[in-house]
Amino acid sequence: MKIDNLHVQERNAGGTFIMVEIDKLSVSYGSKKVVNALGPISINISSGDIYAVIGPSGCGKSTFLNTLSGIIKNHDGKILINNEAINPKKHNIGFIPQNFGLLPWKNVEKNCLLSLKIKRRAIDSEMKERIDYILSKLNIGSLMNRYPRELSGGQKQRVAIARAFIMNPDLLLMDEPFSALDALTREEAQELFIEIWNQYKTTTVFVTHSIEEAIYMGKKIIILSHCPGTIVEIIDNPLFNTENLREKEEFLKLSAHIRSIIKKGWKI
Amino acid sequence: MKVNKKIKLFIEGFIIFNILWYILAVAINMRVLPKPTDIYFNLANIYGGKLYLHVLVSLYRVSLGLIISLILGVTIGLIMAYSNFWNKILNPLVYFTYPIPKTALLPVVMLLFGLGDSSKVIIIVLILVFQIIVAVRDAVINIPEETYNPIKSLGASRLQIFTNVTLPAILPELLTNLRLSVGTALSILFFAEGYGTQYGIGYYILDAWTRIDYISMYAGILVISLLGFFLFILIDLLEEAICKWKA
């Protein structure tokens, strides 16, 4: 297979529409000496896509996520979700940071339901069903009364995933969500995530520094350049959600391709 | 569980302390240091039922002082943490007044506010409020920025962010500070009750002292210590109830 075939092509397959429209997004820091930290980046994210963002450290990956989540409000360019300017009060944005972002003073149950509480959404029977399904799928039903300090890394991760999916987000953002876990737990967590994702097909953008994770979990892979991060290449990943990924020949080719970009200093 | 442990610790400490006291009293064998047993056996006779009145008056002054200090201190601390403008104005004032030994202001406070309860409460507030202000402000400022990220991405209002993140995050620090404040408040009370009052456990001790009634004096010291311990246990209970999430 030629690497060129992997490149992104506009899909017009049935059922998908553009969920997130990012137009010339750039972020800069500092008031006196302005430093451009990110962009400009333009990309259209269709509903039901998973984008893996990979790039050198300090290229603005986390800035990119923080902007998409509405935490960073000062940016140039446009971010539209469902054709509306991004607004965390209006849109449902799930955000899983690297440290999982659980509030240590809330037990698992309250952490899971935090999104509903903040959004003032009542728990009706349909929501109850959704919550029960997600909790049992993630196997955290028995941990409801525990506090985050009483949980292992893997358990915290599952609670964070539950919290994000329970609110049924328009957009799910994850900042190196699996990097704090040990190798075995990480693989399990990744599989579990994909399983739940397949159920809900939530539009997702996640940042990673692992090529393998990007290939396993990203339908599309965005490679960012050095600071200020701009898009070097978007790869339409044919290996998304493949079992026994590492044994496939294409996996080696694709990761070699990504690696070669990294070696060239994140340029093409 | 935690409180039970503390009570056990208290009883152990109480026993060891009393044994040492007993040995010392026997060794010195002077009227100024009676044996603990003399105090305990006389506790019931001392001043009939009047001791409790002194305790209640003291408790009222300490509680009022603590409550006012907390309300003022937390409010001002939060304002300073949230507003750069107010921090710039108030910070020099807090910094300047912090090391002033405010007990020295007791005469001034008494001249301004009279000899009654208000001057005693005010001197307690004057001393406690600054350390509460500083503790609250620093606790809020020290909350890592990323703690707020998930809740911000949910579009939480300022009030929601405050009640779900800021307040629970500073509560442990606030309780630690409250514990320190209780100890300080009791010492100030003892001093402040030496003037312009006929009630309060501080007055009781000083009065017994001048009357050379050492048994009553020690009983008073014992009671003010128990008062302190009682307030400590209350804070422990409070901590256990609202800071369960902490180890």
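The values are calculated or read from the model by the stated rules, or taken from the named source; none is laboratory data. From a predicted model like this one, the values you see are computed outputs, not experimental measurements. We place every Cβ from the backbone using ideal geometry, glycine too, and count neighbours over all the protein chains shown.
A:E150 fulfils the conditions (1) within 11 Å of the chain's Cα centre (by Cα); (2) surrounded by fewer than 16 Cβ atoms within 10 Å (Cβ to Cβ) except for a single criterion, (1).
Is there a residue being away from chain A (no Cβ under 14 Å), touching a Lys or Arg at 6+ places or on another chain (Cβ under 9 Å), in a helix (DSSP H, G or I) and free of Cβ contacts under 8 Å to residues at least 40 places away in the same chain anywhere in segment B:102-109? Yes, the conditions are met somewhere in segment B:102-109. Against the criterion of being within 15 Å of B:L51 (Cα to Cα) and not basic (K, R), B:L238 does not qualify.
The criterion of at least 3 residues that are away from chain B (no Cβ under 12 Å) is met, among helices (runs of 4 or more DSSP H) falling completely within segment A:68-184, by A:125-138, A:153-166. Being surrounded by 20 or more Cβ atoms within 10 Å (Cβ to Cβ), farther than 18 Å from A:N111 by Cβ, more than 14 Å from the chain's Cα centre (by Cα) and hydrophobic (A, V, I, L, M, F, W, C) holds for only one residue in A:I222, A:I235, and it is A:I235. When A:K61 is tested against (1) away from chain B (no Cβ under 14 Å); (2) within 28 Å of A:Y133 (Cα to Cα); (3) out of contact with any helix residue (DSSP H, G or I) (no Cβ under 6 Å at 6 or more places or on another chain), just one condition goes unmet, and that condition is (2). Screening the candidates A:S46, A:S115 for the property of being closer than 25 Å to B:L167 by Cβ, in contact with a strand residue (DSSP E or B) (Cβ under 8 Å, 6 or more places away or on another chain) and of a type in the set (S, T, N, Q) yields one hit, A:S115.
Apart from one condition, B:G220 fits all of (1) surrounded by fewer than 16 Cβ atoms within 10 Å (Cβ to Cβ); (2) under 20 Å from the mean Cα position of the chain (by Cα); (3) closer than 24 Å to B:T37 by Cα; the exception is (1).
For beta carbons closer than 8 Å, sequence separation of 6+ or different chains, a first residue in segment B:124-137 that is closer than 8 Å to B:V74 by Cα and a second that is modelled with pLDDT under 90 and of a type in the set (S, T, Y), the qualifying pairs are B:I132/B:S181.
Every residue, every condition in (1) within 14 Å of chain A (Cβ to nearest Cβ); (2) in a helix (DSSP H, G or I); (3) touching a residue at least 24 places away in the same chain (Cβ under 8 Å); (4) within 30 Å of A:D170 (Cα to Cα), yes or no:
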residue	(1), (2), (3), (4)
B:L115	no, no, yes, no
B:I161	yes, yes, no, yes
B:L171	yes, yes, yes, no
B:L180	no, yes, yes, no
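One line per residue, one yes/no per condition, for (1) more than 14 Å from chain B (Cβ to nearest Cβ); (2) buried (at least 16 other Cβ atoms within 10 Å of the Cβ); (3) outside any loop (DSSP other than H, G, I, E, B):
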residue: A:R186; (1), (2), (3): yes, yes, yes
residue: A:W197; (1), (2), (3): yes, yes, yes
residue: A:V207; (1), (2), (3): no, yes, yes
residue: A:C227; (1), (2), (3): yes, yes, no
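The set of residues in segment B:226-245 being surrounded by 14 or more Cβ atoms within 10 Å (Cβ to Cβ) and not in a helix (DSSP H, G or I) consists of B:C243, B:W245. Residues B:P92, B:P107: which one is exposed (fewer than 14 other Cβ atoms within 10 Å of the Cβ), closer than 25 Å to B:I224 by Cα and at pLDDT 85 or above? Just one listed residue meets the conditions, B:P107. Count of segment B:67-83 residues, restricted to those that are crowded, with 22+ Cβ neighbours inside 10 Å and either touching a residue at least 60 places away in the same chain (Cβ under 8 Å) or basic (K, R) (or both), is 3. Taking the criterion of being within 20 Å of B:S83 (Cα to Cα) and of a type in the set (D, E, K, R), the residues of segment B:140-198 that qualify are B:E145, B:E146, B:K152, B:R158. Selection of segment B:136-158 for residues being in a helix (DSSP H, G or I) and at pLDDT below 90 yields B:E145, B:E146, B:T147, B:Y148, B:N149, B:P150, B:I151, B:K152, B:S153, B:R158.
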